[in-house]
Amino acid sequence: MTERTATNPRSTSTADARAPPSVGEHDNIESASLELTTEIITTVEGIRALEPDYEHLYQVTGNTLPFAVQEWHLAWCEHFLNRSPLVRESPRFCVLRSRTGACVALVPLILSRRRLGPLRVATLAPIGADPALTEIRRALVTPGYERRTVRAVQESLSEVPDWDWIQWSGLSEPMAEALTRETAPRWYQVSEDYILDLPSSWEEFRAGLKRNIRESLRHCYNSLKRDGHRFELVVARDRQDVQRALHRFLELHALRANMASGARHPDHFAGRAVQEFLHDVCGRLAARDAVRVFQLRIGTEIVASRIGFAIGDSIYLYYSGFDPAWARYSVMTTTLAEAIKYAIGQGFKTVNLSLTREQSKLRWNPRLVRLHSALVQREVLRSRIVCRAYRLAITRQGPSARILKSVFWAHRHWD
């Protein structure tokens, strides 16, 4: 298999590309950005033709998120676009190019038109409006082009008749600042992403952990050994191996969700449609050697599994599952520790523990990255009223919020 530079964890050019420009460089970039051109892609075929632009942006942005790669976007469109006859959707990917034709930004938006009672509502949002599958929805923007990107997206709205609001999510601090400077955003959420910075050895990493997690790790390994159980980490990486590993992962994920005790975890892959999407997107990413399914095998049985995506110099740890019969051995903690060992041994620089604030993540002492979300509405009365109702639906709890949620999401089917 040919390993592409964009997913090579040892690429030497990524670090240089990710370095932010100096103040003078920002000024030069902003001046040069006046000569940018904007292209709007409205078909899946058009997205597929952007492969060279995606590959270029992976390098200059240092992307480490699986949700921002072309394979994820194409799979999402082919599986989930227009799943309801009452919601009309189409891609509206905003592509910015310099005067030389180089792509400097790609904002993957979906235009949705739906009917809410007597109202017709038109909104734009980053691709990935699914039930927790696309965990971080983010644009690919070359550092220094944040303000020009926001400006170009807002200007492109002039071509959308009667739009009501645009949703921005997964915004880094520079993109959030650019949105504030260029628009009047209504901020509604700050998400927390948890990242482990990896040293050169497992011993150094373990020495930097707090005492409680070191004791927990000692218990995990010793309890298995004490009861005569030998384990092995099996990493599915080849496309065929990944597809086989996903079948067991889905079983373990469902078993974890249906546990009678302990913290409740939803089964994100209960429906056939989302299972088909997972198999498809992992198959596409495995073709570029960007999937690692970490499996803990005891004897002949896989007892725990966690999906990982190897993007750039990072491994993004996605959903997991385990057999409750092995819960007393904390097999999920062992699987995570073994995945971190693997990442260090393979030369990756970070492990992304994904979103949501959980004690199981915090005890590893991760670095916190805040991601911002906002709505930018059209300044007409009808749009302001509907946008406010949507903000209440996504930010509030209680009966009124549940009613609003039912209005906005009643026509989406993901099973």
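The values are calculated or read from the model by the stated rules, or taken from the named source; none is laboratory data. Please read these numbers as outputs of a predicted model, since none were measured by experiment. Positions of Cβ are backbone-derived with ideal geometry, glycine not excepted, and every protein chain shown enters the neighbour counts.
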Within the stretch 226-237, residues being touching a strand residue (DSSP E or B) at 6+ places or on another chain (Cβ under 9 Å) and surrounded by fewer than 14 Cβ atoms within 10 Å (Cβ to Cβ) number 2
Scanning the stretch 352-384 residue by residue, those in the same structural domain as ASN63 (by TED's automatic domain parsing), farther than 22 Å from MET175 by Cβ and surrounded by 13 or more Cβ atoms within 10 Å (Cβ to Cβ) turn out to be ARG382, SER383, ARG384
Considering the stretch 68-94 alone, what residues qualify as being over 16 Å from ALA273 (Cβ atoms) and among the β-branched types (Val, Ile, Thr)?
-> VAL69
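In the list SER84, SER90, which residue meets the criterion of being touching a residue at least 60 places away in the same chain (Cβ under 8 Å) and surrounded by fewer than 22 Cβ atoms within 10 Å (Cβ to Cβ)?
Exactly one residue qualifies, and that residue is SER84.
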Hits in the stretch 136-157 (condition: over 21 Å from TYR194 (Cβ atoms) and assigned to a loop (DSSP other than H, G, I, E, B)) | ALA139, THR142, PRO143, GLY144, TYR145
Residue in the stretch 189-211 that is surrounded by 15 or more Cβ atoms within 10 Å (Cβ to Cβ) and free of Cβ contacts under 8 Å to residues at least 40 places away in the same chain present = yes
All strands (runs of 3 or more DSSP E) inside the stretch 269-385 with 3 or more residues being within 30 Å of LEU224 (Cβ to Cβ) | 291-298, 301-311, 314-322, 350-352
Scanning the stretch 290-337 residue by residue, those out of contact with any helix residue (DSSP H, G or I) (no Cβ under 8 Å at 6 or more places or on another chain), in contact (Cβ under 8 Å) with a residue 60 or more places away in the chain and among the β-branched types (Val, Ile, Thr) turn out to be THR335
Take the residues in the stretch 303-338 that are surrounded by fewer than 21 Cβ atoms within 10 Å (Cβ to Cβ) and of a type in the set (A, V, I, L, M, F, W, C), then tell me which one is farthest from PRO199 (Cα to Cα).
-> ALA325
Wholly inside the stretch 200-266, helices (runs of 4 or more DSSP H) that include 2 or more residues that are touching a Ser or Thr at 6+ places or on another chain (Cβ under 7 Å) and within 24 Å of ALA325 (Cα to Cα) are 211-226, 239-257
Does at least one position in the stretch 62-80 carry a residue that is modelled with pLDDT of 95 or more, more than 20 Å from LEU124 (Cβ to Cβ), surrounded by 15 or more Cβ atoms within 10 Å (Cβ to Cβ) and among the hydroxyl-bearing types (Ser, Thr, Tyr)?
-> yes
Could you pull out the residue among ARG297, ARG288 that is among the basic types (Lys, Arg), modelled with pLDDT of 95 or more and surrounded by 18 or more Cβ atoms within 10 Å (Cβ to Cβ)?
-> ARG288
Those residues of the stretch 110-135 which are assigned to a loop (DSSP other than H, G, I, E, B) and either assigned by TED's automatic domain parsing to the domain that holds PRO266 or among the charged types (D, E, K, R) (or both), in sequence order = ASP130, GLU135
Unmet requirement for LEU157, which otherwise passes all of (1) assigned by TED's automatic domain parsing to the domain that holds GLY128; (2) of a type outside the set (Val, Ile, Thr); (3) at pLDDT 95 or above | (3)
